[in-house]
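One structure is given here, and the rest of the page talks about it.
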Amino acid sequence: MDERHDTSGAPSRREVPVRVTVNGEVREATVEPRLTLADFLRDGCRLTGTHLGCEHGVCGACTVLLDGEAVRACLLFAVQADGAEVTTVEGIATADGTLSPVQQAFRDCHGLQCGFCTPGFVMTVTAFLRDHPEPTDVEIRQGISGNLCRCTGYQGILAAVRQAAG
């Protein structure tokens, strides 16, 4: 093993350079290999729309797009995103602040209550509708099944997905 040790015998931190395009902006940093993508986005990029719920990949609150695919940012390390393009909920509205069709639908259809799960749902639905532009209700339910909401009862969320698809 080639780990370096300080005088206390503990392994020293080895940081790794990363370069990630986040919402169209190149971000470069030196990070610990164990830093999650979610923490990199929230702390390093100051993009707090990516929420941390369970930190086990179960709730979906931390969902972002990595090279266009919906992923759980709490389950990935920032170093795994090196060279990739990440889109967060802050990056899907237009430059003038116009909401994306999915964001607008969530607003119109009351697809949120406390709002904690909303960014993850919005990112999941954005990727889902790109791949399933005319989903059935069964497909919608399956498409959002990896995201949990404790407030809405899902009816507003389902309506929002239907509206965004239309």
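Please return the longest stretch of the chain lacking exposed loop sites, where trypsin sites (Lys or Arg not before Pro) count only if DSSP places them in a loop and at most 12 other Cβ atoms lie within 10 Å. Write down the numbers at each step before the final one.
On the way: sites that count: Arg4, Arg13, Arg14, Arg34, Arg46, Arg150.
In short, 47-149.
Starting from the Cα-Cα distance between Ala95 and Gln142, subtract it from 0.36 nm times their residue separation and give me the gain in nm to one decimal. Could you put the intermediate results ahead of the total?
Details: separation 47, 0.36 × 47 = 16.92 nm, distance 3.16 nm.
Working it through step by step, the gained length comes to 13.8 nm.
Starting from the Cα gyration tensor of the chain, multiply each eigenvalue by 5, take the square root, and state the resulting semi-axes largest first in whole Å.
Values: eigenvalues 229, 53, 34 Å².
Equivalent-ellipsoid dimensions as semi-axes: 34, 16, 13 Å.
Give me the distance between the Cα centres of the range 123-166 and the range 18-87, rounded to whole Å.
22 Å
Sort largest first and round to whole Å: the equivalent ellipsoid semi-axes of the range 16-91, each the square root of five times a Cα gyration tensor eigenvalue. Could the numbers behind the result be given before it?
Details: eigenvalues 57, 36, 23 Å².
Semi-axes from the Cα gyration tensor: 17, 14, 11 Å.
What Rg and what Dmax come out for the range 73-141 when only alpha-carbon atoms are used, in angstroms?
13.7, 37
Work out, step by step, the length gained on full extension between Asp131 and Arg162: first 0.36 nm times the residue separation, then minus their alpha carbon distance; give nm to one decimal. Don't skip to the end; give the middle numbers.
Numbers: separation 31, 0.36 × 31 = 11.16 nm, distance 1.42 nm.
The Asp131-Arg162 span can extend by a further 9.7 nm.
Rule-based calculations on the coordinates, nothing more; no lab input. Only a predicted model underlies this, so the values are computations on that prediction, with no experimental measurement involved. Backbone-built Cβ (ideal geometry, glycine too); neighbour counts: all protein chains shown.
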